[in-house]
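Bear in mind these aren't lab numbers, they're just calculated from the coordinates by the rules spelled out. Quick caveat, the model's predicted, so the values are computed rather than measured. Ideal geometry is used to build each Cβ from the backbone, glycine not excepted, and the neighbour counts take in all protein chains shown.
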C-alpha cells in the first residue's frame, strides 16, 4: 500500500536512529495485485530482501469468497516476477480448509507455489471471524466447509508433502527450505524482545508489554508528546509462564524443560503429569532429549492442548 518513496522515508528515519546489521533480514508483506517489476526493483534497492505474498488460494472461487482482489494467475505471476527480480527469500501465505477444497486440491496448490519459486510457505487453517459475512454464510449453509476429518488430512498430508519437497516444518503453520526460516517469526516464538512501531503495534522489552494507540489521531497525538505513551504493562509471573509454554509448544522443536524450570522453579512434567500421560497415550505429544513437543496430530488440536496446559 506504500509507494517506494514512502518506504524510502521510513528507511531513512530508521537509519538515523538504529544501526543496521550487514546481514539483516528485512521483510515486506504485499498482495499479489499490488506489485510490479519497477516496484520490486525499488524494494531491492532499499535493502528489502524478503517478500511475503498474501496468495491465500489458487482457486478463483475461493479468492472471490475471501474478497481478494487478485486471481490465481495474478498470484502465480507475482511469485515468478519476484523471483526473477531477485527475491530468493520468498514466502507465500496459503489457507487450507476452504470450501470444497479437499486434500488433492490443497496438495496441487502447494505444488504450484513451489514450482513458482517460493522458499517459504505459511499454511493457515481458515478462521471464521465473528460477525463477518463469511461466518454468516457458513452458518446458513450457503457455503459448506470440508469435514473436520478432511481438514485434518489436509494439514497432515500437506506437511508430509512439503517435507518431501525439502520444506522443513519449524512451527505449526510455517515451512521453509534450508536457510530460509523467517528470523522475526522464530525470534517471536523463542520469546526474544521485539519493538513494534506505528498505530496498534506491540512491543515486548525485558518483560514489559507496550501496545501503541490504535487510531491515527491518537498515534499522532502521542508523537506530539515526544512519543510518550502510557500503555505499558509489566508482565507478571503467570503471563510470562503462559507465554513461554504457548510460544515454545507452537514450534516443532518444542519446549526446553530445563528452561521452564529455570523460569518457574518447577518441574513441568510433575506439574502436568496426568495431562501429559493422557496426551502421550493418544500420541499428541512427545518427550525427547529434554524437550516436550506436539506431534502432527497434536498440532491439529494445539489450541485445546495449550488451554489445558496453561
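Could you calculate the FRET efficiency of residue 135 with residue 184 from 1/(1 + (r/R0)^6), where r is the beta carbon distance between them and R0 is 45 Å, rounded to 0.05? Once the sixth-power term is evaluated, E becomes 0.90. Here each label is just a point 7 Å from Cα along the line to Cβ, and for residue 4 and residue 128 those points are 4.4 nm apart.
What the Cβ-Cβ distance of residue 166 and residue 223 gives, at R0 = 35 Å and to the nearest 0.05, is a FRET efficiency of 0.15.
Using the 10 angstrom Cβ neighbour count as an exposure proxy, how do 96, 229, 189, 106 rank, fewest first? Don't jump to the answer; show the numbers that get you there.
Values: 96 22, 229 15, 189 19, 106 26.
Going from least to most buried by this count: 229, 189, 96, 106.
Beta bridges from DSSP with both residues in the chain: antiparallel share about 60 percent, rounded to the nearest 5.
Extending 7 Å from the Cα toward the beta-carbon at both residue 66 and residue 277 defines two label points whose distance is 4.4 nm. Placing a pseudo-label 7 Å from each Cα along the Cα-to-Cβ vector at residue 194 and residue 18 gives an inter-label distance of 1.2 nm.
Tell me the label only: which of [x] 5, 21, 29, 29, 14, 2; [y] 6, 22, 25, 20, 14, 9, 4, 0; [z] 6, 27, 33, 22, 10, 2 is P(r) over Cα pairs in 10 Å bins from 0, in percent as calculated from this structure? The value computed from this structure is option [x]. Ordering 24, 255 from the fewest to the most neighbouring beta carbons within 10 Å gives 24, 255.
Computed from the C-beta positions of residue 269 and residue 45 and an R0 of 51 Å, the FRET efficiency is 0.45 to the nearest 0.05.
Suppose only helical runs count, i.e. DSSP H with n ≥ 4. What mean residue ellipticity at 222 nm does that imply for the chain under -39500 (n - 2.57) per run, divided by all residues and rounded to the nearest 500 deg cm²/dmol?
Values: 15 runs with 145 residues, N = 310.
About -13500 deg cm²/dmol.
Counting neighbouring beta carbons within 10 Å and listing from fewest to most, the residues 74, 303 come out as 303, 74.
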